[in-house]
Amino acid sequence: MTEAAAQPTAAEGEPLIAESSTDHPRYEEVVEAIRSVYDPEIPVNIFDLGLIYSIRIDDENAVNVDMTLTAPGCPVAGEMPGWVADAVEPLPGIKQVDVRLVWEPPWDMSRLSDEARLELGFM
């Protein structure tokens, strides 16, 4: 999902977006669960909207998700991280899910997947 080398970096040299565990055997299953969560104002799932910045899964199947929102004033800002956790936690073998809301880098439309662009009429 993310390519740390292509992301902007913080002043101290740390990437703003942590690298995802794309090689973990549970990664695609977690992504599919997250794709079941939709932004209530936009008819596209939050993964394809580009709101999920990082999915990290450790050796014991604990999942850490960094996500953002399309705007800081989003009316579901307090609820959406819980929706993500609720979508992932029921997966068999998942130990725990922690979802962190981040604001850097700010979301913009360049993060939309091709599927989202098509759904929204941008392609």
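Read-outs: derived from the displayed coordinates by stated rules, not from any lab. Being a predicted model, the structure only gives us computed values, none of them experimental. Backbone-built Cβ (ideal geometry, glycine too); neighbour counts: all protein chains shown.
Across the chain, C-alpha contacts under 8 Å between residues 6 or more apart give a mean separation that, scaled by the residue count, equals a relative contact order of 25 percent. Bridge orientation summary for the chain: considering DSSP beta bridges with both residues in this region, about 55 percent are antiparallel. Between Phe122 and Glu60, the simple label model (points 7 Å from Cα in the Cβ direction) yields a spacing of 3.9 nm.
In the elastic network of the chain, a GNM with C-alpha springs shorter than 10 Å, the most mobile of Val102, Val63, Val76 is Val76.
For region 55-71, putting each phi into the Karplus relation 6.51 cos²θ - 1.76 cosθ + 1.60 with θ = phi - 60° gives couplings of 10, 10, 10, 8, 5, 9, 6, 7, 10, 10, 10, 9, 9, 10, 10, 5, 7 Hz, in residue order, rounded to whole numbers and with x for Gly and Pro. In order along region 21-35, the Karplus-derived 3J(HN,Hα) couplings, from 6.51 cos²θ - 1.76 cosθ + 1.60 at θ = phi - 60°, round to 8, 5, 8, 6, x, 9, 4, 4, 5, 5, 4, 4, 5, 5, 5 Hz, and Gly and Pro are given as x.
For the chain, excluding the exposed loop sites themselves (GluC sites (Glu not before Pro), DSSP loop, at most 16 other Cβ atoms within 10 Å), the longest remaining stretch covers 80-123.
The per residue volume of the convex hull around the alpha-carbon atoms of the chain is 112 Å³. This ranking places Trp103, Trp83 by how few other beta-carbon atoms lie within 10 Å of each, fewest first, which gives Trp103, Trp83.
Approximating the spin labels as points 7 Å out from Cα along Cα→Cβ, the Gln96-to-Thr22 distance works out to 2.8 nm.
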